[in-house]
Amino acid sequence: MNVLVEDIVALIEASLDANYSEVRSVSNRIAREISIEDMDAAKKIKSVLRRKGVPLQSSGYTASLPVDPKSRMPLIEEHQWPVTPLFLGESERNTFTTFIESVKYQNKLIENGLTGKLGLLLSGPPGTGKTLIAGHIASQLNRPLYVVRLDSVISSLLGDTAKNLRQIFDFVPSRNGILLLDEVDAVAKVRDDRHEIGELKRVVNTLIQGLDSLDDNSIVIAATNHAELLDPAIWRRFPFKIRLDLPCQGLREELWNHFLFQDKGKSLDLRALGALSAGLSGADIETISISARRQSILKGAELNMSSIILSIVDSDFNNSVIPGANDLEPIKKKKIINLLADTKSFTQSEIGTLLGLSRQTVSSHLKE
Ligand SMILES: Nc1ncnc2c1ncn2[C@@H]1O[C@H](COP(=O)(O)OP(=O)(O)O)[C@@H](O)[C@H]1O
Ligand SMILES: [Mg+2]
């Protein structure tokens, strides 16, 4: 073999720099050198170079993402792989794992007669981790994640919507990416908002055609807050489904433990926060946690359980600044004590420990 180590090094460097024209010129040089001894190998390299085409810009990766022809807004975003862990209930975790295994061992499935696309539909309220799941799947499969917000793709001109959708479905296979169709119910909502049923049908059909045009290796994940609005024809194209609910007590404790206590929470604290945060999503718990930690760092004070609890029970926690208050107003203190007592999961002395009060104080508040 005549390929010089220098050539290989140059190829690696150019690739990591995303310098496509350099990648091409080094590859051509390698093909030339190889062709002296092995014409077939040289042809293989040449054929890859031909097949892959020329990116519009040799640098500027994002510039080659498809855009809306009118607004020039990108239709697709590439998301980074998530750095935070994913907490799921058992059955959701099972589907998640089975989906990943099915992608990894797709060839084995095909050899045994199980063909078909591997689509995953995620449904559930906002902030329950749908986008996060897609990110974890992409990272476990080591593939880029491309996210399409369908509500923004649906152009005011429905004719453009179809064009936009086609652009997206042409783009993704070229990158071996995972396509996340976010807010996929936006397609269904067109029906309520405007235009006749005929135009809606066209958009739905384009979406279906797009899904059907992908080869078996392409992976599409769809996410929706309103699964019931989805057209059944779209529904059917996603054989794997995960229905996310607001997290249960156990999951809430895991979320608090991670986001608030950086995995070092005490079990009594976790039990209390878990019990009082029923109805909050994972994203809500993360928001409160980060806000509380920010306050505690800025004030140089320990995390204050009373004020965290208060921000959980105040519905408007999104804007609230979690006070570093050690002295809560008595009426608020009383409210928290009562809330904890109402769960019937804590003894008076546990409530005292949580709030930094004596058992007697707790007891006398409860008697009032
Ligand atoms: N089940 C979960 N496990 C871990 N983190 C979660 C979970 N649900 C929500 N979160 C946190 O909330 C953030 C927002 O969730 P996201 O995936 O965007 O929700 P959705 O797409 O369902 O609206 C996540 O990035 C994560 O930090
Ligand atoms: Mg999302």
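The values are calculated or read from the model by the stated rules, or taken from the named source; none is laboratory data. Keep in mind that this is a model prediction, so the values were computed, not measured. Because the Cβ atoms are built from the backbone with ideal geometry, glycine has one as well, and the counts that use them run over all protein chains shown. For the accessible areas, the whole protein counts, side chains as well, though only heavy atoms, and no ligand, DNA or RNA atoms are used. Shrake-Rupley method; radii C 1.70, N 1.55, O 1.52, S 1.80 Å.
All but one of (1) among the hydroxyl-bearing types (Ser, Thr, Tyr); (2) open to solvent by 60 Å² or more (accessible area, probe 1.4 Å); (3) over 30 Å from Glu253 (Cα atoms) hold for Ser102; state the number of the condition that does not hold.
All conditions pass for Ser102, except number (2).
Can you tell me which of (1) touching a helix residue (DSSP H, G or I) at 6+ places or on another chain (Cβ under 9 Å); (2) within 14 Å of ligand 2 (Cβ to nearest atom); (3) assigned to a loop (DSSP other than H, G, I, E, B) is the one Pro125 doesn't meet?
(1)
Look through region 137-146, keep the residues that are surrounded by fewer than 20 Cβ atoms within 10 Å (Cβ to Cβ) and part of a helix (DSSP H, G or I), and return whichever of them is farthest from ligand 1 (Cβ to nearest atom).
Restricting to residues being surrounded by fewer than 20 Cβ atoms within 10 Å (Cβ to Cβ) and part of a helix (DSSP H, G or I), the top hit is Leu141.
Do any helices (runs of 4 or more DSSP H) lying entirely in region 147-222 carry at least 2 residues that are modelled with pLDDT of 85 or more, and which ones are they?
Details: elements: 150-153, 158-171, 185-193, 197-213.
Correct list: 158-171, 197-213.
With respect to the numbered conditions (1) more than 19 Å from Phe346 (Cβ to Cβ); (2) not in a helix (DSSP H, G or I), which one is the sole condition not fulfilled by Ala278?
(1)
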